[in-house]
1. Taking the number of other C-beta atoms within 10 Å as the exposure measure, put R289, R170, R114, R277 in order starting with the fewest.
2. Fully extended, how many nm does the chain gain between R89 and H321 (0.36 nm per residue separation, minus their Cα-Cα distance)?
3. H198 versus R169, label points 7 Å from Cα toward the beta carbon: distance in nm?
4. Arrange the following residues from fewest to most other Cβ atoms within 10 Å of their Cβ: S123, S73.
5. What's the exposure ranking of H166, H321, going from fewest to most Cβ atoms within 10 Å?
6. Across every pair of different alpha-carbon atoms, what Kirkwood hydrodynamic radius in Å does the stretch 243-321 reach?
7. So between R284 and A311, what do we pick up on full extension, going 0.36 nm a residue minus the alpha carbon distance?
8. Length gain on complete extension for the stretch M253 to D191, per 0.36 nm per residue less the alpha carbon to alpha carbon distance?
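Nothing in this text is a laboratory measurement; each read-out follows from the coordinates by a stated rule. Just so it is clear, the structure is predicted and the values come from calculations on it, not from any experiment. We place every Cβ from the backbone using ideal geometry, glycine too, and count neighbours over all the protein chains shown.
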Amino acid sequence: MANRLRPAHLAVVAGLAALLVLMLFMDIPFFRLQSRAAARTVRVVTTTSVFADLIANVGGQRVEVTSLVPMGSDPHAWDPTPREIRAVRAADLFVYNGLGLELWAPRLIETAGRPGLVTLELSEGLTPLEAAEGDWHPDEADNGLHAHEGEEGNPHFWLDVTYAIHYVRRIAEALAAVDPQGAQYYYARADAYVSELHELDRWIFAQVERIPPERRILVTYHNAYAYLARRYGLEVAGFLVTNPDREPPAQVMAQLARILRERQVPAVFVEPQIDPRLAETLAREVGARLGTLYTDSLTADVPSYIAMMRANVETLVELLH
Ligand SMILES: [Zn+2]
């Protein structure tokens, strides 16, 4: 009879189990120390500081994340060195966007030749908008979206917060696959972060409401804002280049100037990782204001994805309204 569990004993056991689960869920330091003794830090290498921030928000204490392209640099026009190859060689998980944002990534993975490296292509399975590069024809110049060939599609999904949420969910799944012991931890952190992102999404809608509808027009340096524009009801009227590693076609400047004048677009937007001189010339020529938007990289001024999006929307409201 002595080794038989009575209801009172069961209650104690259930209570202890519940406490343990609670501690795990809340990431109480005592518990973390215990579990960390067994679990090794998961090494994640990613391409940009934007994705590094998303990964750090999900991975927390269990993950060490490295961004290959430094803050403030342009992932389109960048090449890995032996240092980055070594970083990939030591990684458990490699996270990149795909769709040509990092044209150098597949070769880097191959060169690193890390057996068993898990790779996560964040844009996989999503239907992209056109990269929209090609000849500028007068009949197409009105919407800024043009037919093109040989492009994989517009890679900049993360500037629409709902796609950033999709990226966060995929990151949580990939981390849970690489480190199954941490699965609950990753999913709980992803849930908490996604709540913040939903709040950000609602805030952006409210902010865009402050811009008069006829002035919700974007002319940018590279075509990074297609998804943001579609989600929040802005119009991309034009851009200088599809991919910032290329020079704008000669006739683009003149056509953009015409669009800016005809539609009385109040501002032209540049990006901190890109030489602003052409856009400055354009803005001066038509008397538009010049603003800075963040797209493919975080900086010291906007050290997180949420800070970057908030700064962008504040700039849009200030310059367009
Ligand atoms: Zn870009």
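1. Values: R289 13, R170 20, R114 17, R277 9.
Going from least to most buried by this count: R277, R289, R114, R170.
2. That works out to 78.7 nm of additional length.
3. 1.2 nm
4. On the way: S123 24, S73 18.
Neighbour counts put them in this order, fewest first: S73, S123.
5. H321, H166
6. After inverting the pairwise mean of 1/r, the radius is 13.5 Å.
7. Length gained, R284 through A311: 7.4 nm.
8. Stretched out fully, the M253 to D191 stretch lengthens by 17.9 nm.
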